[in-house]
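The values are calculated or read from the model by the stated rules, or taken from the named source; none is laboratory data. For clarity, every value in this text was computed on a predicted model and none was experimentally measured. Heads up, the Cβs are rebuilt from the backbone with ideal geometry, glycines too, and the neighbour counts pull from every protein chain shown. Side chains are part of the model used for accessible areas, which takes the heavy atoms of the whole protein and leaves out ligands, DNA and RNA. Shrake-Rupley method; radii C 1.70, N 1.55, O 1.52, S 1.80 Å.
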Amino acid sequence: MFFYLIKRLIYAIPIALAVGFVCFMLVQIAPGDPINAIVPPDAPQEVVEQVRRDYGLDKPLPVQFGLWLMKVVQGDLGRSLATGRPVWSDLHSAIGNTLTLAFAASLIGFVLGCILGGLAGTFRGSLLDRMAVTTAVAGVSVPHYWLGMVLVVIFSVQLNWLPAMGAGPGGSADWAWDWEHIQHLILPAVTLSVIPMGIVTRTVRGIVAEIMNQEFVVALRGKGLTSWNVFLHVVKNAAPNALAVIGLQLGYLMGGSILVETVFSWPGTGLLLNSAIFQRDLPVLQGTILVLAMFFVALNLCVDLIQTALDPRIKRA
């Protein structure tokens, strides 16, 4: 396991460099001039050029990338062009709020998806199977932003049960584990959990249905094992493949919550990215995308290690 970990870490280095380069270039080639977020429209050309030199935007792109990469390695993501604050100071609290939302959404989506998928795969062809498949297809098909707006209209506007905006009372951006803050978490977490729930349900159903048809399951039943013990063996064999899908979906929850966070004004990385896009704030865009991408790479590494620990066949390979 130790050598496998070292090998995976070595593989992650060029991936991280490639991700950093792609993040830098995608932001650079986007239309618009980031200087417009700093200087007023009627600023003299001399002032514009001076500001461009101060931020290093007058240098060639390879030089800009090299300087940016050196700062990133040292833990410096630069300063926001719009606010002048260090990017990490804004990103720190946003990442915490996004992790909280992703954790709640994954808890809802993965638990329901595994339960529905496991039951549907075990009792395939039954009414329960058809209901689970219908729920999964509906979950995958419904757009995040539309579902979020519908939930706001029903539970916030009409019923007045749950708040619709912010992470806390008064639109606060600071999170705390109490009921006032959890109320703000419910609607965005449910909205964000629908698509991963549908994907996990369909995936787990297919895996369980395939395993239930294998010869070792027939042999276990022939030995007189109870249905519960047979189901535990099926779960053990389905866990590695299901874990891979769950790991990918957790990464998507971190990076794909821009629309949901915008709808609910949730102060996470999605809302931060949304405001940075409109303000053409290059350092915030680059820093946020890079951190989310590195989180995705680290998450895939963790999933690989857990899969290796659960599945002896990967160890032998």
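Neighbours of Gly96 by Cβ distance under 12 Å: Lys/Arg scored +1, Asp/Glu scored -1, total -2. Net charge in the neighbourhood of Pro163 (other residues with Cβ under 14 Å of its Cβ; Lys, Arg +1, Asp, Glu -1) is -2.
Helix 87-122 and the longest principal axis of the Cα set of the chain meet at an angle near 20°.
Would you work out the charge dipole size for the chain about its Cα centre, treating the Cβ of every Lys and Arg as +1 and the Cβ of every Asp and Glu as -1, and quote it to the nearest 20 debye?
Working: 19 positive and 18 negative charges, 298 e Å.
Here the chain has a charge dipole of around 1440 debye.
Projecting the Cα atoms of Asn241, Gly113, Val63 onto the dipole axis of the chain, where Lys and Arg carry +1 and Asp and Glu carry -1 at the beta carbon, places Asn241 farthest toward the positive end.
Around the Cα centre of the stretch 158-317, unit charges on the Cβ atoms of Lys, Arg, Asp and Glu (plus for the first two, minus for the last two) sum to a dipole of about 800 debye. The GNM of the chain, with springs linking C-alpha atoms under 10 angstrom apart, assigns the highest mean-square fluctuation among Tyr252, Tyr11, Tyr145 to Tyr11. Semi-axes of the equivalent ellipsoid of the chain are 43, 27, 15 Å, computed as sqrt(5λ) over the eigenvalues of the C-alpha gyration tensor in descending order. Of Gly251, Asn274, Thr203, which is farthest on the positive side of the dipole of the stretch 138-286, counting Cα position, with +1 on Lys and Arg Cβ, -1 on Asp and Glu Cβ, and the Cα centre as origin? Result: Thr203, furthest along the dipole toward the positive end. Note on the stretch 87-205: with charges restricted to the Cβ of Lys and Arg (+1) and Asp and Glu (-1), its dipole about the Cα centre is near 660 debye. Averaged over its residues, the stretch 75-155 has an accessible area of 49 Å² per residue, based on protein heavy atoms and a 1.4 Å probe. Share of carbon and sulfur in the accessible area of the chain stands at 68%, probe radius 1.4 Å.
Evaluate E = 1/(1 + (r/R0)^6) for Asp174 and Val48, where r is the Cβ-Cβ distance and R0 equals 35 Å; express this FRET efficiency to the nearest 0.05.
Given R0 = 35 Å and the Cβ-Cβ separation, E is 0.40.
The stretch between Lys7 and Val150, if pulled fully straight at 0.36 nm per residue, gains 46.8 nm over its current Cα-Cα span. For the stretch 113-263, the fraction of alpha-carbon pairs lying more than 26 Å apart is 41 percent, rounded to a whole number. Angle of helix 127-141 to the longest C-alpha principal axis of the chain, folded into 0 to 90 degrees and rounded to 10: 10°. The stretch 154-214 and the stretch 285-311 have Cα centres spaced 22 Å apart. Would you mind classifying the stretch 29-144 by shape? Square roots of the alpha carbon gyration tensor eigenvalues, ordered a ≥ b ≥ c; an a/c under 1.5 is rounded, otherwise it is prolate if a/b is larger than b/c and oblate if not. In terms of gyration-tensor shape, prolate. Each other residue within a Cβ distance under 14 Å of Val217 adds +1 if Lys or Arg and -1 if Asp or Glu, for a net charge of +2. Once the dipole of the chain is set up with Lys and Arg at +1 and Asp and Glu at -1 on Cβ about the Cα centre, which of Asn229, Val218, Pro188 lies farthest towards its positive end? Of the listed residues, the answer is Val218.
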